[in-house]
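Here is the structure we will look at.
The values are calculated or read from the model by the stated rules, or taken from the named source; none is laboratory data. Small disclaimer: the values here were computed from a predicted structure and weren't measured. Note that we place each Cβ from the backbone using ideal geometry, even for glycine, and neighbour counts take in every protein chain shown.
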Amino acid sequence: MKRPLPLALAATLALATTPAHADDFVVLHHRDNPVASFDADALRRLYTGRTKQWDRGAVVQVIVIPAEGAVETRYLAELLGMTPRELLSRMQQEVFRGEMRRPVIVRSSQECVAAVRSNPGGLCVATAASASSLPPDVQAARITH
């Protein structure tokens, strides 16, 4: 007889197989770096250390949610053509090579908001729902394909 999956495991598996859509996510960034949208190429350059400064001179500070199953990181990695593990490994390599700052690690989209707010160079992929009520120094940009 098959045993049913525990509810938490079933929910995690459902989340892991649910396709993510660009409309479900935004890029949070500090208001000092006004950007209306980001495409995959711009995000790839930012998240791999190729773009080191914003147009107005602030140093880029990547903020990530590395938790296993984090929908934000999974979506970003998928958009960039990598697995979440490959993306995080690539960032580690670039930090080690001195090509980018060590990413700030947060546990949720809500923590992304706080981290971006306190860092003028910060950016983070977050759920669109978390961007519904942002402080004045944090802006949300859409993701284009």
### Task
Could you grab me the full set of residues in the stretch 69-91 that are exposed (fewer than 13 other Cβ atoms within 10 Å of the Cβ) and not in a loop (DSSP other than H, G, I, E, B)?
Arg85, Glu86, Ser89
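On the basis of being touching a residue at least 24 places away in the same chain (Cβ under 8 Å) and acidic (Asp, Glu), does Glu94 make the cut?
Criteria met by Glu94.
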### Query
Restricted to the stretch 43-68, and to residues that are surrounded by fewer than 17 Cβ atoms within 10 Å (Cβ to Cβ) and of a type in the set (Gly, Ala, Ser), which residue is farthest from Gly98 (Cα to Cα)?
Ala67
### Task
From the list Ser89, Ser37, pick out the single residue that is in contact with a strand residue (DSSP E or B) (Cβ under 8 Å, 6 or more places away or on another chain) and of a type in the set (Ser, Thr, Tyr).
Ser37
### Query
How many residues does the stretch 107-134 hold that are in a loop (DSSP other than H, G, I, E, B), touching a residue at least 40 places away in the same chain (Cβ under 8 Å) and either within 15 Å of Thr73 (Cβ to Cβ) or among the hydroxyl-bearing types (Ser, Thr, Tyr) (or both)?
2
### Query
Can you pull out the residues in the stretch 101-120 that are hydrophobic (A, V, I, L, M, F, W, C) and surrounded by 15 or more Cβ atoms within 10 Å (Cβ to Cβ)?
Val104, Val106, Cys112, Val113, Ala114, Ala115, Val116
### Message
Here is a list: Thr127, Thr83. Which entry is under 25 Å from Ala36 (Cβ atoms) and at pLDDT below 95?
### Response
Thr127
